[in-house]
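In what follows, a single structure is set out as structure tokens and then discussed.
The values are calculated or read from the model by the stated rules, or taken from the named source; none is laboratory data. Since we're looking at a predicted model, the values are computed, not measured. Please note: Cβ atoms are built from the backbone with ideal geometry, for glycine as well, and neighbour counts cover all protein chains shown. The protein model used for the area step is the full one, side chains on, heavy atoms only, and it has no ligands, DNA or RNA in it. Shrake-Rupley method; radii C 1.70, N 1.55, O 1.52, S 1.80 Å.
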Amino acid sequence: MSGPVRIDANVVVGPWPSDASASWSVADVSRHLDRFGLSHAVVRSAEAVTYDAASGNASLLAAVASEPQLLPAFVLGPLDAGEHGPLPAAVRAVWLLPARHGWSLTGPEAGSLQDVLRRAGLPVFVDLEETDWSGIDALCAALPSVDVVVCGIGYRTLRQALPVLDRHPRLHVDLSYLAALDGLELLAARYGASRLLFGTGAPVRDDAAPSFLLERSALSADDRATVAGGTAARLLGLAEAPAAVPAAPATPAAVPAAPATPAAVHATLTQPARRVGALPAGRGPATTAEPLHATTHLPDGAADLPSGAAQLPSGAAQLPSGAAQLPSGAAQLPSGAAQLPSGAAELPDIVDAHAHLGRWPSSWLPHPDADTLLAAYDRIGTRHAVISHLSAIWGGDAPAGNAAALAAAAAHPDRLSVWLVANPNRPQDAEVLAEQLRSPLVRGFKVHPDTHDCPIDDARYDWVWRLAQNASVPVLAHGFAGTTHSDPLLFGHVAARHPELPLIVGHSGATVDGFRRTIDVGLRHPSILAETCGSWMTGRWLRRLVAALGAGRVLHGTDACLIDPRYGVGRVLGAGLDPADLALVLGGNARRVLGLPSPFLLGGH
């Protein structure tokens, strides 16, 4: 094939059974490709994910038969029950969903499947939500000649991920939720860009955030192009010139690899295969059974977004130069937008209303300090952030952690200000916190009901509410649906008792149920505001928050330094909000609610 290959390696097509995710048709996926200037997508069936793999796989093949830009991936599982039919030659990849489908990567039921996967030589995709790094390690050890892609690794697992990636040179990571701060750059530096590939997880995950992550990365242009399509093309057999493939352990001499035609390597799944071979001839990383033709082109110009979506702002979530380009003619950005370094596209004023410094006890955070956080903000045009220190949340001495946050903000007063953490179990801190409130760098209080083991509507918080109201400052509270401490519905009890207190639901309740409950409690209590950071937020749900509560009650946050802020900014930019609403969400609301000065007084960044 000719021309650059730009691939979303992680897309779901078909009706989703709940409203938690959008349902994309084949036409929607094609519009997704047009929107982000992609040449191909690797698609799996929603029916195969949520109902029955065999019937969903068959329906997928029929649906994409006339769509050469859509590359089918089969969902497979244990084979001993005979529930899977043959693996057709048109299949380009395999997905495994052990948790959802009730089996284990390390159980005896995985053995027959591993045998077939070895002989098929197709790339194997697994979302980390379906297993853990021990399961990934075992899978790679069992399939040393097979390329494995782990998706959605999040921000909490680098401590477990690195040794597994070190051990297995054919293990790759996609960008659907590579969420640790500078995690993309860290993995590219440690393993090379050829171990990373572009995938969104759309429409279950946000489609715009991974694109913004890559476009605003510190990778070279060549490495960005590799991630945008080169790695996936190699794994899928679409590349004309193969990249270097990491060496795999030698195939045992007792089990020689027999030459095979592309069609022959797809073993039947009706019975477990008995022989194990190396990566079959004709199915190596740089070959394909049915090459896509150079005549396959994307439509010119801007395209409609998938159903229910909205147009992406120009330059907001663009794949890198030399990779995919956004359509022209997108929505105009507000006047007075901030100019990014290196001539990047102009963006509205951006304020991160939910950020941190410090360390996390259960996870390794690559960059816990202010300087690296500010460098990350510089890449995306964030002018200001409001931080709390994680030692104040997790440690027993909140005022000391607050002092560390104040010191960091004092070193960068035009870029950082502070949420004071208050622990409801320590009313003896009230005097020190009242003194800390006098600092002009303080914007309000941060409370974390789950970490401090105190429901947000508990009377132990009353002294914190009094301090906040006496100082006329808002409160940002961690919110997580379904917990006994921070479910968004509990925020309503506080708002009913303190209607003048601006109360921000952190993460908008974190889950899809949390988003719904934040809308519900927000409609009943006008003092409640929503904040956007979190692992399950998408542009679709952001639009719903804005439509229900009004753009003036939704604040942009990223949860940096835990989560890379490029995900949060890219998600908002890609949500397709009206330009005026976009400006409010990204920065205007935070400046109003938190009393931050106008960006035009700060002199830029």
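Annotations for the structure displayed:
- For the stretch 450-514: rounded, prolate or oblate by the Cα gyration tensor [a/c cutoff 1.5]: prolate
- Estimated vicinal HN-Hα couplings, Hz - the stretch 229-236 in sequence order (Karplus 6.51, -1.76, 1.60; Gly, Pro = x): x, x, 5, 5, 4, 5, 5, 8
- Burial ranking of peptide ranges 223-236, 430-443, 584-597 (average Cβ count within 10 Å, highest at the top): 223-236, 584-597, 430-443
- The distance separating the Cα centre of the stretch 536-605 from that of the stretch 12-81 comes to 31 Å.
- Fraction of beta bridges assigned by DSSP in the stretch 7-236 that are antiparallel (%, nearest 5): 5
- Asn470 versus Trp364: modelled label distance in nm, points set 7 Å from Cα along the beta carbon direction: 4.5
- Alpha-carbon centroid distance for the pair the stretch 101-142 / the stretch 169-184, whole angstrom: 19
- Among the protein heavy atoms of the stretch 7-236, carbon and sulfur supply 52% of the accessible surface, probe 1.4 Å, non-protein parts ignored.
- Gyration tensor (alpha-carbon) shape descriptor, the stretch 7-236, a/c threshold 1.5: oblate
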